[in-house]
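Enquirer: What follows is a single structure, and I will ask about it in a moment.
The values are calculated or read from the model by the stated rules, or taken from the named source; none is laboratory data. These figures come from a predicted structure and were not determined experimentally. Note that we place each Cβ from the backbone using ideal geometry, even for glycine, and neighbour counts take in every protein chain shown. Keep in mind that these areas ignore ligands, DNA and RNA; they rest on the heavy atoms of the full protein, side chains included. Shrake-Rupley method; radii C 1.70, N 1.55, O 1.52, S 1.80 Å.
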Amino acid sequence: MAGTTTTSAERLRVVADEAGGCTRCDLHERATQTVFGEGAPDAALFLIGEQPGDQEDRQGHPFVGPAGRVLDEALEAAGVDRSNVYITNAVKHFKWTARGKRRIHERPNRTEIVACRPWFDAELAIVSPRLVVVMGATAGQALWGPSFRVGASRGTERDFDGRAALATIHPSAVLRAGGDAGRRAQMDLLVEDLALAGRLVARMPGGA
Ligand code: URA
């Protein structure tokens, strides 16, 4: 309609509704629901993880389970307010395998990652952040292809489609690390990278 402007929040809602019925790959058959991105619709900082986990699949929100608690803790330690960022996943349906009564996370494959890409592209175009923070190998491979490795890439600013991006470890790497010292070391890396992200955004035009 002439003269009508839609906000980013409204545009995200339209895409989220569409994604709710996504059948672009087989993962929708076993997942409870599509878990779309959430957060500030015009965020300067845009975080992308792998895929919803068991809790996210049940609740319908990204990063609300154990990895989400690690992320919350790391954001707080890095001085980044979660309510000011947009958080999404490379793959929007939970991929799992049954082990007894438990649903165990399974890594999405290339076909599933590629099938889900249009949703991420739409979120990125609408939110139009100043910096994209890529958490873990799956998200990195979704953006930069299968040769992406977190270890070689984390902590240095790089380009994604003409936009500034920064790779870091996935919060679940903290949960998987062995022993208190191992977990602390992984947490330190995550906090360091998120703090760097906060500083980079603040220095960019329009930053705080
Ligand atoms: N791990 C992810 O990558 N994303 C979530 O939303 C939860 C766990």
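Enquirer: Kindly provide the set of residues from the range 102-134 that are open to solvent by 50 Å² or more (accessible area, probe 1.4 Å) and either at pLDDT below 95 or β-branched (Val, Ile, Thr) (or both), ordered by number.
Expert: Thr111, Val114
Enquirer: Quick check: is even one residue across the range 135-144 more than 16 Å from the ligand (Cβ to nearest atom), of a type outside the set (Gly, Ala, Ser) and in a helix (DSSP H, G or I)?
Expert: Yes, some residue in the range 135-144 is more than 16 Å from the ligand (Cβ to nearest atom), of a type outside the set (Gly, Ala, Ser) and in a helix (DSSP H, G or I).
Enquirer: Of all residues in the range 167-204, which are free of Cβ contacts under 8 Å to residues at least 24 places away in the same chain and either part of a loop (DSSP other than H, G, I, E, B) or of a type in the set (S, T, N, Q) (or both)? Let's see the steps before the verdict.
Expert: First, pick out the residues of the range 167-204 that are free of Cβ contacts under 8 Å to residues at least 24 places away in the same chain: 176-186, 188, 199, 202-203.
If the condition is that a residue be free of Cβ contacts under 8 Å to residues at least 24 places away in the same chain and either part of a loop (DSSP other than H, G, I, E, B) or of a type in the set (S, T, N, Q) (or both), then Ala177, Gly178, Gln186 are the ones that fit.
Enquirer: Looking at the structure I just gave you, is Gly162 surrounded by fewer than 17 Cβ atoms within 10 Å (Cβ to Cβ) and under 28 Å from Cys116 (Cα atoms)?
Expert: Yes.
Enquirer: Something else about it: Any idea which of (1) open to solvent by 70 Å² or more (accessible area, probe 1.4 Å); (2) within 13 Å of the chain's Cα centre (by Cα) is the one Gln141 doesn't satisfy?
Expert: (1)
Enquirer: Test Ala173 against the criterion of being under 15 Å from Gly49 (Cβ atoms), in contact with an Asp or Glu (Cβ under 7 Å, 6 or more places away or on another chain), open to solvent by less than 50 Å² (accessible area, probe 1.4 Å) and at pLDDT 95 or above, and give yes or no.
Expert: On the way: under 15 Å from Gly49 (Cβ atoms): yes; in contact with an Asp or Glu (Cβ under 7 Å, 6 or more places away or on another chain): no; open to solvent by less than 50 Å² (accessible area, probe 1.4 Å): yes; at pLDDT 95 or above: yes.
No: the conditions fail for Ala173.
Enquirer: Could you please let me know if Thr34 is at pLDDT below 95 and either of a type in the set (A, V, I, L, M, F, W, C) or at negative phi (or both)?
Expert: On the way: at pLDDT below 95: no; either of a type in the set (A, V, I, L, M, F, W, C) or at negative phi (or both): yes.
No, not satisfied.
Enquirer: With the range 6-106 as the region, which strands (runs of 3 or more DSSP E) entirely inside it contain at least 1 residues that are over 14 Å from the mean Cα position of the chain (by Cα) and either farther than 19 Å from Cys116 by Cα or within 10 Å of the ligand (Cβ to nearest atom) (or both)?
Expert: 96-99, 102-105
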